[in-house]
Every structure is written in C-alpha cells, then in structure tokens.
Amino acid sequence: YHPDDDPVSITPLENGVLVEQPLDPLQNIAKTLQITFCENGAVRLDHSFRNAGDIPITGASWGVNTLDGYGTVTVGFAGEDGFTPTRAVSLWGDTNLHDSRVRFTADSVTANHAPTKDYFKLGIYSRSGKAVFQNKGQQLVLEYAVPPMEQLPDGGCNFELYMDEKFLEMEVLGTVTQILPGEAACHTEYLT
C-alpha cells in the first residue's frame, strides 16, 4: 500500500463531472470517476482504471462511499439454496463478529455506527445489489451489479463495510479482470 492522495483534475460535463487522478507511477494505473446526474434523480458513479503500462495487469475497480457517523447501513445477505455455499463473508484485522454495532439476520446485515475505536471491516457477497444508509432523518440507497461470486476479489465479496470512530464506508467491488495495456476496467453504482 502507498498513499493515494495526489490532487485530482475535475472536468465539468453537460450532466455531471469527470474526476481524474494523475497516473500512478508505481502501478501504471490511471483512475477516473465519472459522476452523472440522471434525469430520474439518481446519481450514476462510473469507477474505472486504465492500464497505462506495457504489460497486462489483473485487478478490480472499487468504489468507496464514505459517510458521516452515527448512521445505519442495511445490506441484503440472503442465500439461494441450502445445499451449496451461496454466501461469502470476509473479515479484516481484529474484526469481531460479536461487535454490538452489527447484526446478522437470515437475509441482511445491519450496522449501526457508534464512536468506538474498535476496528471493523467486513466483506460479503450480496445478491440484492443494494445497500441502504439512514442518518439524520435521511436515506441514501446504493445500487450495484451482482456478478458471479467467483469473479470477485476478497474471497468473493461485492460489498464491504468499514467503520471507525468517526465515519463508515460502504464499498462496492467490481470483478477481477485482466486488463491489457491501454484497456480499462469499470464498474457502475447508482445513488438515490
């Protein structure tokens, strides 16, 4: 890991903006985020990265939605049948499954942010393709694609949740892809 904090360029578009990061010289990756304001009131986020090197690379695009603390996230976590493993859970660091901020049900995971220093990062495979964040009387719905579990990083996860004492993150992962020189990988999210 290395810092990913260089200034970005922002280009206005007719119905949004294009955010571009300078070329990452260590990985030869150029990242962009196109934010489009849709006619139906949704916001479309296209996360992409382009291979600017001269050899193929393998990776997945990843969108991080950082949100104010004290809110609640609920994400679908239903399985399909009882005969094969159809759900994935990945844990980071000292994540505690008995963390009182998190509750699993038969078809969802709910996390209530609280200002604690306890580390929490959890990845899941969500077939719903939808997460709902509620805070201060408002609601934000995040919708995303549901590719096959075996095409995803981090043990088959398409959704990850991170919490610290100040904020929480809803993270969406794209598929793991081999990207040839000059080509790009992209995944799309919608916020309503």
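The values are calculated or read from the model by the stated rules, or taken from the named source; none is laboratory data. It should be emphasised that the depicted structure is a prediction, and the values quoted were computed from it without experimental measurement. So basically every Cβ, Gly included, is an ideal-geometry build from the backbone, and we count neighbours across all protein chains shown. Surface areas here come from the heavy atoms of the whole protein model, side chains and all, with no ligands, DNA or RNA. Shrake-Rupley method; radii C 1.70, N 1.55, O 1.52, S 1.80 Å.
Are there any pairs, at least 6 apart or on different chains, whose C-beta atoms fall under 6 Å, with the first in the range 30-49 and open to solvent by 60 Å² or more (accessible area, probe 1.4 Å) and the second at pLDDT below 95, and if so, which?
LYS31/GLN21; LYS31/PHE49
Of all residues in the range 121-137 being without any contact (Cβ under 8 Å) to a residue 60 or more places away in the chain and surrounded by 22 or more Cβ atoms within 10 Å (Cβ to Cβ), which is nearest to PRO85 (Cα to Cα)? Give the steps one after another, and end with the answer.
Initial filter on the range 121-137 (without any contact (Cβ under 8 Å) to a residue 60 or more places away in the chain): 121-132, 137.
From the residues that got through so far, the ones that are surrounded by 22 or more Cβ atoms within 10 Å (Cβ to Cβ) too are 122-126, 131.
Numbers: LEU122: 18, GLY123: 16, ILE124: 13, TYR125: 11, SER126: 13, ALA131: 22 Å.
The selected residue is TYR125.
Would you list the strands (runs of 3 or more DSSP E) that sit entirely within the range 108-147 and hold 2 or more residues that are closer than 16 Å to LEU91 by Cα?
Where strands (runs of 3 or more DSSP E) fall fully within the range 108-147 and carry at least 2 residues being closer than 16 Å to LEU91 by Cα, they are 108-112, 120-124.
Restricted to the range 87-120, and to residues that are surrounded by 14 or more Cβ atoms within 10 Å (Cβ to Cβ) and in contact with an Asp or Glu (Cβ under 6 Å, 6 or more places away or on another chain), which residue is farthest from LEU152 (Cα to Cα)?
Restricting to residues being surrounded by 14 or more Cβ atoms within 10 Å (Cβ to Cβ) and in contact with an Asp or Glu (Cβ under 6 Å, 6 or more places away or on another chain), the top hit is TYR119.
Which of the residues spanning the range 49-80 are closer than 11 Å to CYS186 by Cα and either touching a His at 6+ places or on another chain (Cβ under 8 Å) or modelled with pLDDT under 95 (or both)? Spell out the reasoning first.
Residues of the range 49-80 closer than 11 Å to CYS186 by Cα: 49-50, 59-63.
Answer for the range 49-80, where residues must be closer than 11 Å to CYS186 by Cα and either touching a His at 6+ places or on another chain (Cβ under 8 Å) or modelled with pLDDT under 95 (or both): PHE49, GLY59, ALA60, SER61, TRP62, GLY63.
Within the range 50-67, track down each residue that is part of a strand (DSSP E or B) and either open to solvent by less than 40 Å² (accessible area, probe 1.4 Å) or in contact with a Pro (Cβ under 9 Å, 6 or more places away or on another chain) (or both). Before the answer, list the steps.
So in the range 50-67, the residues part of a strand (DSSP E or B) come out as 50-51, 57-59, 62-67.
Listed by number, the residues that qualify are ASN51, ILE57, GLY59, TRP62, GLY63, ASN65, LEU67.
Hey, can you tell me all the residues within the range 159-192 that are in contact (Cβ under 8 Å) with a residue 60 or more places away in the chain and either outside any strand (DSSP E or B) or in contact with a helix residue (DSSP H, G or I) (Cβ under 6 Å, 6 or more places away or on another chain) (or both)?
Once the filter is applied, which keeps residues that are in contact (Cβ under 8 Å) with a residue 60 or more places away in the chain and either outside any strand (DSSP E or B) or in contact with a helix residue (DSSP H, G or I) (Cβ under 6 Å, 6 or more places away or on another chain) (or both), the range 159-192 yields GLU165, LYS166, GLY174, THR175, VAL176, LEU180, PRO181, GLY182, GLU183, THR192.
Evaluate the following for GLY156: is it part of a loop (DSSP other than H, G, I, E, B) and touching a helix residue (DSSP H, G or I) at 6+ places or on another chain (Cβ under 6 Å)? Talk me through it step by step, then tell me what you get.
Numbers: part of a loop (DSSP other than H, G, I, E, B): yes; touching a helix residue (DSSP H, G or I) at 6+ places or on another chain (Cβ under 6 Å): yes.
When the stated conditions are applied, GLY156 passes them.
Would you check if LEU152 is in contact (Cβ under 8 Å) with a residue 24 or more places away in the chain, touching a Pro at 6+ places or on another chain (Cβ under 7 Å), farther than 19 Å from GLY69 by Cα and open to solvent by 10 Å² or more (accessible area, probe 1.4 Å)? Steps first, answer last, please.
Details: in contact (Cβ under 8 Å) with a residue 24 or more places away in the chain: yes; touching a Pro at 6+ places or on another chain (Cβ under 7 Å): no; farther than 19 Å from GLY69 by Cα: yes; open to solvent by 10 Å² or more (accessible area, probe 1.4 Å): yes.
Taking the combined requirement at face value, the residue does not satisfy it.
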